[in-house]
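Visitor: Please read through the structure below; I'll follow up with questions.
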Amino acid sequence: MAAPLPVAVVGASGYTGAELLRLLFGHPHCDVTGLYARKSAGRAIDEVFRQFVGLSSQTVEAFDADAVANRAQVAFCALPHGHSATVVAALRERGLLVVDLSADFRLRDADEYAKWYGSNERPTHPAPHLLEGAVYGLPERYRAQIADSKLIASPGCYPTSAILAIAPLIDRGLVATTGLVVDAKSGASGAGRSPALAVHLPEAGEGVRAYKVAGAHRHTAEIEQELGAAAGGTDVRLTFTPHLLPMSRGILSCVYAAPTDSSLSVDDYRAALVDAYDDEPFVAVLPAGTSPDTAHVRTSNMAHVSVAYDERAGRVLAMSAIDNLVKGAAGQAIQSMNVAMGWDERAGLRGVAAFP
Ligand SMILES: NC(=O)c1ccc[n+]([C@@H]2O[C@H](COP(=O)([O-])OP(=O)(O)OC[C@H]3O[C@@H](n4cnc5c(N)ncnc54)[C@H](OP(=O)(O)O)[C@@H]3O)[C@@H](O)[C@H]2O)c1
């Protein structure tokens, strides 16, 4: 049997870092040989996250690119955007295969990145020379490119759910690319582990609110980029309205679109989803007439998708549910690594949703 592949997690003390570890500790072909973070450096991982007690007490270390390169062949970077790019660049210089969970390499255009992610401190992309070689890590759409890539930009959680729901209908020209509305709801872990008033239990536990509306959420650019690509390179402008729900995990997206042919029925739209996802291990098209529920994908790498047609209003409604930390982050990143390594895509990801 081949020796396990040594992998490192940079950003191991965050929520997506913890989820990477949960899945990688059970991966049949991987050995986690390095854990890195900033404030948590020097602490044991089972002290940072108690769910690892009895499983691992590896020490979390301060990031050092040479140390990572000496110990690992693959690195998952689960760092805030902006910081990630410099870490990724150092690891790519040392020849590692890098799967980046931040937004730093998702947008193909450096100017577009600067527009959405630039700050006073960092007005331009920190490593634009790497953008051309980066692949958008959504295996359902870029499997062949991921297999050949050394830098995989794992998609955002909201974009994953929106793209999986509507892209097959756009690919096939069944819905218009103008007037698209992405209405999505997320659990609070989408904001990461750092405490903030907006996700403080007394302030978020009993209500639901929209936030970063009217084109203010950065994931708008990523969704537009990928739906534009699905439409053959058209410029897409859509309305994306994210909401914060009082739960820890899960994203539900409802994408509203106008049909291009009013004679089509819901069966035609559903057939397009079945055609797109028939062979996909992690996307299930739900039975006609049913809607996805985040409770049915919680902790698993599955995306549940379905479609409805409101004949009265002439509106197609494509829906999806994912776990933001799994298919929306760590699970999808591991799925991409599996593709890049030529392994069974399901390796380490066979876990069924924890329901109820
Ligand atoms: N949460 C989600 O659902 C989700 C989904 C898809 C993608 N993402 C993306 O994945 C990345 C990680 O997200 P997360 O939710 O895991 O965030 P998080 O819980 O806030 O964790 C961030 C991690 O990065 C480390 N870190 C923070 N600032 C750093 C710096 N300046 N230099 C080096 N390390 C630093 C932290 O280490 P210390 O705490 O030890 O300093 C921690 O390990 C982000 O880019 C996020 O946008 C998140």
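The values are calculated or read from the model by the stated rules, or taken from the named source; none is laboratory data. Owing to the predicted nature of the structure, the values given are computational and were not obtained by experimental measurement. Cβ placement follows ideal geometry from the backbone for every residue including glycine, while neighbour counts extend to all protein chains displayed. To get the accessible areas, we keep the full protein, side chains included, count just its heavy atoms, and leave off ligands, DNA and RNA. Shrake-Rupley method; radii C 1.70, N 1.55, O 1.52, S 1.80 Å.
Visitor: Consider only pairs whose beta carbons are under 7 Å apart and that are at least six residues apart or on different chains; among these, list those whose first residue lies in segment 86-98 and is closer than 9 Å to Ala65 by Cα and whose second residue is open to solvent by less than 20 Å² (accessible area, probe 1.4 Å) and assigned to a helix (DSSP H, G or I).
Guide: Qualifying pairs under 7 Å: Ala90/Ala65; Leu91/Ala65; Leu91/Val68; Arg94/Ala65.
Visitor: Any idea which residue in segment 34-73 is nearest to Leu151 (Cα to Cα), counting only those that are more than 14 Å from the ligand (Cβ to nearest atom), surrounded by fewer than 18 Cβ atoms within 10 Å (Cβ to Cβ) and under 25 Å from the mean Cα position of the chain (by Cα)?
Guide: Result: Gln73.
Visitor: Something else now. Taking segment 13-31, which residues are more than 17 Å from the chain's Cα centre (by Cα) and within 13 Å of the ligand (Cβ to nearest atom)?
Guide: Of everything in segment 13-31, just one residue is more than 17 Å from the chain's Cα centre (by Cα) and within 13 Å of the ligand (Cβ to nearest atom), namely Ser13.
Visitor: Let me ask something else. Looking at segment 110-117, is at least one residue open to solvent by 10 Å² or more (accessible area, probe 1.4 Å), under 21 Å from Ser40 (Cα atoms) and touching a residue at least 12 places away in the same chain (Cβ under 8 Å)?
Guide: no
Visitor: What are the residues in segment 251-298 that are of a type in the set (Ser, Thr, Tyr) and without any contact (Cβ under 8 Å) to a residue 60 or more places away in the chain, if any?
Guide: Ser262, Ser263, Ser265, Thr290, Ser291
Visitor: Same structure, new question: Kindly provide the set of residues from segment 150-162 that are out of contact with any Pro (no Cβ under 7 Å at 6 or more places or on another chain) and either open to solvent by less than 10 Å² (accessible area, probe 1.4 Å) or modelled with pLDDT under 95 (or both), ordered by number.
Guide: Result: Leu151, Ile152, Ala153, Ser154, Pro155, Gly156, Pro159, Thr160, Ser161, Ala162.
Visitor: Would you mention how many residues in segment 179-194 are of a type in the set (A, V, I, L, M, F, W, C), within 13 Å of the ligand (Cβ to nearest atom) and surrounded by fewer than 23 Cβ atoms within 10 Å (Cβ to Cβ)?
Guide: Going through segment 179-194 one residue at a time, the tally reaches 2.
Visitor: In segment 287-300, is there at least one residue being touching a Ser or Thr at 6+ places or on another chain (Cβ under 8 Å) and within 23 Å of Gln332 (Cβ to Cβ)?
Guide: Looking for residues that are touching a Ser or Thr at 6+ places or on another chain (Cβ under 8 Å) and within 23 Å of Gln332 (Cβ to Cβ), one finds at least one in segment 287-300, hence yes.
Visitor: Take segment 123-147 and flag every residue that is without any contact (Cβ under 8 Å) to a residue 24 or more places away in the chain and in contact with a strand residue (DSSP E or B) (Cβ under 9 Å, 6 or more places away or on another chain).
Guide: Answer for segment 123-147, where residues must be without any contact (Cβ under 8 Å) to a residue 24 or more places away in the chain and in contact with a strand residue (DSSP E or B) (Cβ under 9 Å, 6 or more places away or on another chain): Gly133, Val135, Tyr142, Gln145.
Visitor: Name the pairs: first residue in segment 200-213 and more than 13 Å from Ser186 (Cα to Cα), second residue open to solvent by 100 Å² or more (accessible area, probe 1.4 Å) and at pLDDT 90 or above, Cβ to Cβ under 9 Å, at least 6 apart or on different chains?
Guide: Final answer for the pair search is Glu203/Leu197.
Visitor: Continuing with the same structure: Working carefully through the options Gly215, Gly207, Gly233, find the one that is surrounded by fewer than 17 Cβ atoms within 10 Å (Cβ to Cβ), in contact with a Pro (Cβ under 8 Å, 6 or more places away or on another chain) and not in a helix (DSSP H, G or I).
Guide: Answer to the selection: Gly207.
Visitor: For segment 137-148: of the residues being away from the ligand (no atom under 13 Å from the Cβ) and open to solvent by less than 10 Å² (accessible area, probe 1.4 Å), which is nearest to Arg237 (Cα to Cα)?
Guide: Only one residue tops the list, namely Pro139.
Visitor: Against the condition touching a Gly at 6+ places or on another chain (Cβ under 6 Å) and either within 16 Å of the ligand (Cβ to nearest atom) or open to solvent by less than 20 Å² (accessible area, probe 1.4 Å) (or both), how does Arg106 come out, does it pass?
Guide: no
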